[in-house]
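Notes follow once the structure below has been shown.
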Amino acid sequence: MLFAVIVNRMAMALLTLAGVAVVVFVLLRVVPGDPVAMMISPGASAADIAALKAHYGLDAPLFTQFGIWIRGVVVGDFGTSITLHLYVTEVLASRLPATVELAILALLVAVILGGSIAVAGTLMRRTAGEAAIDGLNSVMLAVPDFIWALALVLVFAVALPVLPLTGRIDPSLAEGFATRFYLAESVLTGRFADAGNILSHMAMPTLALALPLAAVIVRLLKQSLKEAMLQDYVLLARIKGFGELRLVLQEALRNAVGPTLALTGVQFTFLIGGTVIVERIFAYPGIGNLAIDAVINRDFPLIQGLVLLFGLIFILINIGVDLTVAALNPRLRHA
Amino acid sequence: MEHWSPAATIEAEPRPPSVASRLLRDPKVVCAGGFILVLIVLALGAPLIAPMDPLAQNLLLATVPPAGFADAEPGYLLGTDGLGRDVLSRVIFGTQVSLTVAFVAAGLACLIGSLLGLLAGFLGGWVEALISRLVDVWMAFPPVLLSILLVAVLGTGLHSVIAAIVVIDWTRFCRVVRTETMGQAQMDYVIAARTIGFSRPTILFREILPNVVPVLIALLTLEMGIAVVVEAILSFVGLSVSSDTPTWGGMIAEGRQIVHEGWWVLAAPLAALFATVVAFNQLGDGLARSLDPVLRR
Amino acid sequence: MSTPRLQIDGLSAISLRDGDRPILRRVSLAVGVGEVHGVVGESGAGKSTIAKAILGIVPSQVKLTGGRIAFEGRDLLSLSRAELRALLGRDIALVPQDPSTALNPSRRIDAQLTDGLRLKRGLSAKDARRRARALLEEVQIRDPERVLVSYPHQLSGGMRQRVLIAAAFGLEPKLVIADEPTTALDVTVQKQILRLIRSLQERHGTSVLFVSHDLGVVAKICDRLSVLYMGRVMEQGATADVLNAPQHAYTRALLAANPRYDRPETGLEPTPPEVIAALRAEIAAFDARAREAPHG
C-alpha cells in the first residue's frame, strides 16, 4: 500500500519536473537577453555574434533546441556551462556537497534549538515564561534568513570579529580532501582542527538559515505538545508518578512530532531556497551562490541544470517527509 | 445536575465589540499599524522630510560615522556612505521603492491569486485540477532563484521586480482562497442560494467572497512584508531599480562591502527593513486573529 | 477497626468557573485495608472530584476548600508535589474510565507496562519485561507475548482495560482507585472485568475506591457504599444494608430508577417530585449552615 503511494508520488514528481524544465527552457529563450550578449566584446561584428550563437546552438528553433537538450538529459548529459566551460553535471557535482552540508547542519541546529525551546515552553505553559517565549518567537517568525545573515555580518564584523565572514574553509586547508564533503570527511577522519575551521566558516550561514526554521518549529511543536499534554494517557502517566519533563519527552513528544513534521518539511524547502541568497552574502561556494552567477550571466545550460536540481531536491524532501510521517504513525504502519 | 430554577431569566448576550474596536485594543496592531503609517508619510513626503538630497555625493565626507560617534559631521544624523551621501536621507527615500513594491506587488498577487483560487474552488472539475497542477509546478521552484531569474530575464526596473513578485507569490493566495472557497461552497447558505436560483457568479461574489475576505486581508498584509524583503534581496543582488535610486537593498549591498569601514551604512537600512517586516507581520497576525472568529482565542 | 487505609474527612470543593458553586459538601468516608468501597451517584454528583482530589489532579477551575484526605495517616492534601509523586504509582494507583484514551497510541504495550515498574521498583529492562508478562497472565490474557509487542489500537476495549488493570495492580499498591472502569465496555465484558478486579484485590489485599453511577455494578463488587448526591454523602454503610434496607429517600429513588433485569415485571420508576424537593431542601440547609459556620 505504501509502495503504491511512493510510485504515485514519483510519477507526479517527474511530471512536475518536466513542467518545470519546459517553463524554464522556454522562458530563457523567448525573452530578451542571452549568454552571447553577456560575452561579446564591444566592436564584435554581426557575423561574430551569429557564429557564437551557432556555436552554442542558440540559432536553432525552440523546439529543436529543446529536443536536443532533452535527449541529453535522458542520458545524463546536461550540456556544457557557457561561462565555466565545464560539463554542467561536473559543475553541479562539485558545488552541491557544500550546500548539502550547510542545509543539513542548519536543519540540525533548527531542530535542536527549536525543539528545546518548544519543550521548555511546554514545561512553562500558562506562566509568564511561556508568554515571553511566544512574544519573542512571534517576532522571530517575521524575520527572513536574509536579514539574519546580514545582522550576523554586522555583529561579527564589527562587535565580535571572531568568525570568518566568507568562504567555506581556509584556502590553505582545502587541498587535503578526497571528497567535497569537507565537514563530514574531516569529522569522520578525525581531523577535528580542520572540522573546527570549517564550522567557524559555516557558523553564520548556518545560523541565518536555521533561525527562521527554528521559530516555525517552536510555534508548531509547542502547540502540538500542549495539546498532547491534555490527553488522558498523559494524565495516567502522571498518576503513575512520572515528573513533568519525563511526561513531555516520553509521552507527549512522539504524538506531537507528526503534525509538526509535515509543516517542517515544507519549511525546509524554503530553507533550501534561502541558500541562494545566504550563500551569496557569505561567499559560500555552494549551488545557491552558483545560481546567482549563472542567472546574471545568462548561462542557459547551467541555469536549466540548477533549476532541475533544485526542483528535484524539493520533490525528494516532500516525499521524504510524507514517508517519515507515515512511518511514525503506528496506525498507518500496521494498517 | 444543576439547580436550574424556572424562575431564572435568560440574560441577554452582550453585543460583541466591533472589529475596529477590537483591533485598536491590541497594542501590537496599534504599534505595527502606526509604524506603517509613519512609513507611508515618509514615502509620500520624502522630498520634504529628508534633510539632504539622497543622490548628492560629497567625496570629502565619505564614510562619516553617525551622530554621537567620533569624527561625526553635523547634519548627517546617520552618517554617510562610501560616496558621501547622507544615509538618513537615503533610508527615507528608500521607503518609496519599498512601499510601492509592497502595496502594488502584494496587491496584484492577491488579486490574481484570489481570482484563480475562487474559480478553482467554486467551479471544481477540470478547472480546479488544472489550476492545482499549475500551482504545484510553480511551487517546485525555489522562490528566490525564480525571482532572480525573472528579473534577470525581464530586465531591471521596478516593473520587473513587481512582476517577479506577482508571478512567484500568486500561488500563495490561490491555494488559500481555493481551500476556503471549496469549504464555503459546501455550506448551507450557498446551497440555499442556488436553490433560490442565484447565478453562479452572483453566488461567488455576493456570498462566498465576503467570507473569504478576512483570511485574505491577513494574508495580504503578510505578503507585503514578504514583498519588501524580496525587493531588498533583488536590489542587493543588483537586479532592482537603477543604482541611482536609493533602495534599502542597494544600501545593504554597499554596506556589506564596506562593513569594516562604515558599519552604519549596513545597519541603518537593515534596521529599517527589519522594523518594516516585523510591522507588516504583526499587523497581519493581529488582523488574522481579529477577523477570523476561529483563531480568536 | 484498625486504621483505615484511606480516611476522607469533611472534604469540600467549589467550582471557580461557576461562581463558587459547591461541588463537594463535607464528604467523609473511610476505606479499610482490603476493602472495596463504592462511591455511587448520578453524573455531576462529584464522584470524580473525590478521586481527583486523592490523586492530586484536581483541575484548575476546582478549588478544595476544606477537609483532609488521610492515606495511612498522612494527609495527602498537605504533601508537596514531590512527596505525592513518590506515593503515586507505588502506593496509590488508578484504573481509568476510558481504555481507548488512557493508553498512549504511539507506544507499545510493553513500554507502557514496564516504565512504571522500572521507575518505581528500579527493575532492569529484562526483569521488568518478565514481570509485565506475568502481570498480563494474571489478568487472564491468553497470549501475553503478542499483546506486549502490540500497539493499543490493535487490541479490543476489553483487552486494553485488562492491560490498564495490570498496570494499576502491577506495583502491588495499597490503594487502587477505580474510576468507572466498566462504563466504556460492553455489558458482556463488564462482568469479567469486575470479577478480575475482585480477584486481584483479594489476592493482594488491596483497598479499592470504586466510583460508579451504576448500582448494579457496585452491588457486585463493593463491600461498603457511600451514596453521593450533589456532593453530599446521603447514605453510607455495608452494601447489603444500603441496597436492601435503604434509609435515605435518595437511595430508595436510585434503586427504584434502576432497571432490574431479574425482575422484569417491575418497571422504571421516575423519582417523585416530592423527593427531589426534599433533597434540594436538605442541600440548601447544608449550604446555609456551611455559610454561617464555615469551619464548623
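Each Lys and Arg contributes +1 and each Asp and Glu -1, all at the Cβ; summed about the Cα centre of the stretch C:102-172, the dipole is approximately 160 debye.
Relative contact order of chain C: 23 percent, from C-alpha pairs under 8 Å at least 6 residues apart in sequence. FRET efficiency for the pair A:LEU15 and A:ARG126, taken as 1/(1 + (r/R0)^6) with r the Cβ-Cβ distance and R0 = 45 Å, rounds to 0.40.
Neighbour counts of C-beta atoms inside 10 Å place B:CYS174, B:CYS110 in the sequence B:CYS110, B:CYS174, starting with the fewest. With distances taken between every two different alpha-carbon atoms, chain C has a Kirkwood hydrodynamic radius of 20.3 Å. Helix content alone sets the calculated 222 nm mean residue ellipticity of chain A: runs of n ≥ 4 DSSP H residues at -39500 (n - 2.57) each, divided across all residues, give -24500 deg cm²/dmol.
Model label points for B:LEU134 and C:ARG130, set 7 angstrom from Cα along the Cα-to-Cβ axis, are 7.0 nm apart.
Using a simple spin-label model with pseudo-atoms 7 Å out from Cα toward Cβ, A:GLU175 and B:GLU73 lie 4.8 nm apart. The mean sequence separation of alpha-carbon pairs under 8 Å and at least six residues apart, normalised by the residue count of chain A, gives a relative contact order of 27 percent. Over all other residues within a Cβ to Cβ distance under 13 Å of C:THR65, the charged ones net out to +4, with Lys and Arg as +1 and Asp and Glu as -1. If the Kirkwood radius is taken over C-alpha pairs of the stretch A:63-143, then at 25 °C and 0.890 mPa s the Stokes-Einstein diffusion coefficient equals 145 µm²/s. Could you compute the net charge surrounding B:TYR76? Neighbours are other residues with a C-beta less than 13 Å from the C-beta of B:TYR76; K and R count +1, D and E count -1. It works out to a net charge of -3.
Could you work out, residue by residue across C:89-96, how many beta carbons of other chains sit within 10 Å of that residue's beta carbon, and then give the average as an integer? Average per residue, whole number: 3. In terms of surrounding Cβ atoms within a 10 Å radius of their Cβ, A:THR16, A:THR64 rank from fewest to most as A:THR64, A:THR16.
Which FRET efficiency value, to the nearest 0.05, do you get for C:SER78 and A:GLU227 by plugging their Cβ-Cβ distance into 1/(1 + (r/R0)^6) with R0 = 41 Å? The pair C:SER78/A:GLU227 has a calculated efficiency of 0.80. Think of it as helices only: each DSSP H run of n ≥ 4 in chain C is worth -39500 (n - 2.57), and spread over all residues that comes to -12500 deg cm²/dmol at 222 nm.
Within chain B, the longest run free of exposed loop sites, counting GluC sites (Glu not before Pro) that sit outside DSSP helix and strand states (H, G, I, E, B) and have at most 15 other Cβ atoms within 10 Å, spans B:12-260.
Assuming R0 = 22 Å, what is the FRET efficiency of C:ALA278 and C:SER28, from their Cβ-Cβ distance, to the nearest 0.05? The pair C:ALA278/C:SER28 has a calculated efficiency of 0.50. In chain B, Cα pairs under 8 Å separated by at least six residues give a relative contact order of 23 percent. Add +1 for every Lys or Arg and -1 for every Asp or Glu among the other residues with Cβ under 13 Å from the Cβ of C:ILE92, and state the total. My count for the surroundings of C:ILE92 gives +4.
In chain B, the DSSP-assigned H stretches of four residues or longer account for a calculated mean residue ellipticity at 222 nm of -22500 deg cm²/dmol, using -39500 (n - 2.57) per stretch and the full residue count as denominator. Amide H contacts of C:ALA93: C:LEU175, C:VAL176, C:ILE177, each under 5 Å away and 5 or more positions distant or on a separate chain (H built 1.01 Å from N in the peptide plane; Pro and chain starts excluded).
Under the combined filter of DSSP loop state and at most 13 neighbouring Cβ atoms within 10 Å, the stretch A:40-105 retains none of its trypsin sites (Lys or Arg not before Pro). Going from the residue with the fewest nearby Cβ atoms within 10 Å to the one with the most, C:THR239, C:THR101 rank C:THR101, C:THR239.
A short reminder: the numbers here are calculations on the coordinates, not readings from a lab. No experiment lies behind these values; they were computed from the predicted model shown. Because the Cβ atoms are built from the backbone with ideal geometry, glycine has one as well, and the counts that use them run over all protein chains shown.
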